[in-house]
Each structure stands twice: as structure tokens, then as C-alpha cells.
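*Asks:* This is the structure I want to talk about, given as C-alpha cells.
The values are calculated or read from the model by the stated rules, or taken from the named source; none is laboratory data. What you see is a predicted model, and the numbers here were worked out from it, not measured in a lab. All Cβ positions, even for glycine, are placed from backbone atoms using ideal geometry, and neighbour counts span all protein chains on display.
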Amino acid sequence: MCAFVLAAFLGPRFGIFVLWLFTDRMTRAFENGLVPVLGFFFLPWTTFLYGLVQGGGGAVNPFGVLVILIGLVIDIFTHVAAFGQRRARARY
């Protein structure tokens with residue numbers, strides 16, 4: 001588990017890659033391959049945290065839902081900040 005936390009510090013896309021390469025959590029968390037590929041590009045934190053939480057199998061507990069929602073908030077803030085920076089650069 002420490003290796004996955006370290007991978008998350010290096011970036012969520014690297015964490016997704018490590019989860020996919022060394023475990024079967026991403027395969028168990030997602031039924032098809034399209035959703036994790038789209039998540040890799042558009043919502044990496046949400047995809048990474050969902051793979052960690054759901055990949056163990058079974059139902060997601062309330063703490064797991066909270067973790068996934070935190071990942072979604074981080075992704076939304078990242079997109080909003082990037083949009084704001086592009087807009088500020090376009091003005092000058």
C-alpha cells in the first residue's frame with residue numbers, strides 16, 4: 001500500500017499505471033477498458049482513488065465514497081484552475 005501512496009505523490013496518472021501494472025485492482029474496479037482510459041485523461045484523481053477503493057471487491061463503504069468524492073473535487077478544481085490560467089493568458 002505504501003508504494004501506491006508514493007505513486008500518488010508522483011501523480012495520479014503514474015498511480016493508475018502502477019495499479020494497472022502490478023495489481024488487478026483496476027481490472028476488478030472497472031468492467032470495461034473505456035472508463036479507466038477516459039478517466040486517465042479527464043479525471044485522473046477520481047479514477048485512481050476509485051481503483052484503490054473499489055478494486056478490493058465488494059461494496060464501497062461510506063469512507064470510500066468520501067475518498068472518491070475528494071478525488072472528484074481535486075479533479076474539478078484542477079480543471080477550473082487550468083481554465084482560469086488559459087483565460088488570463090489570453091487577455092494579455
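Conditions tested, residue by residue: (1) exposed (fewer than 11 other Cβ atoms within 10 Å of the Cβ); (2) modelled with pLDDT of 90 or more.
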position	(1), (2)
Phe42	no, yes
Val60	no, no
Phe63	yes, yes
Ile68	no, yes
Leu72	no, yes
Asp75	no, yes
Ala82	yes, no
Arg87	yes, no
Ala90	yes, no
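*Asks:* Restricting the search to the range 1-25, which residues are at pLDDT 90 or above and of a type in the set (A, V, I, L, M)?
*Replies:* Listed by number, the residues that qualify are Ile16, Leu21.
*Asks:* Checking Asn32 against (1) of a type outside the set (Val, Ile, Thr); (2) at pLDDT below 90; (3) buried (at least 18 other Cβ atoms within 10 Å of the Cβ), which test does it fail?
*Replies:* Unmet condition: (3).
*Asks:* With the requirement that a residue be under 14 Å from Val53 (Cα atoms) and within 12 Å of the chain's Cα centre (by Cα), what does the range 13-28 give you?
*Replies:* Gly15, Ile16, Leu19, Met26
*Asks:* Residues that are at negative phi and of a type in the set (Ser, Thr, Tyr), at least 3 per element: which helices (runs of 4 or more DSSP H) completely within the chain meet that?
*Replies:* 44-54
*Asks:* Please go through the range 37-77 and pick out each residue that is within 12 Å of Met26 (Cα to Cα) and either more than 9 Å from the chain's Cα centre (by Cα) or touching a residue at least 40 places away in the same chain (Cβ under 8 Å) (or both).
*Replies:* Val37, Phe48, Leu52, Val53, Gln54, Gly55, Gly56, Gly57, listed by residue number.
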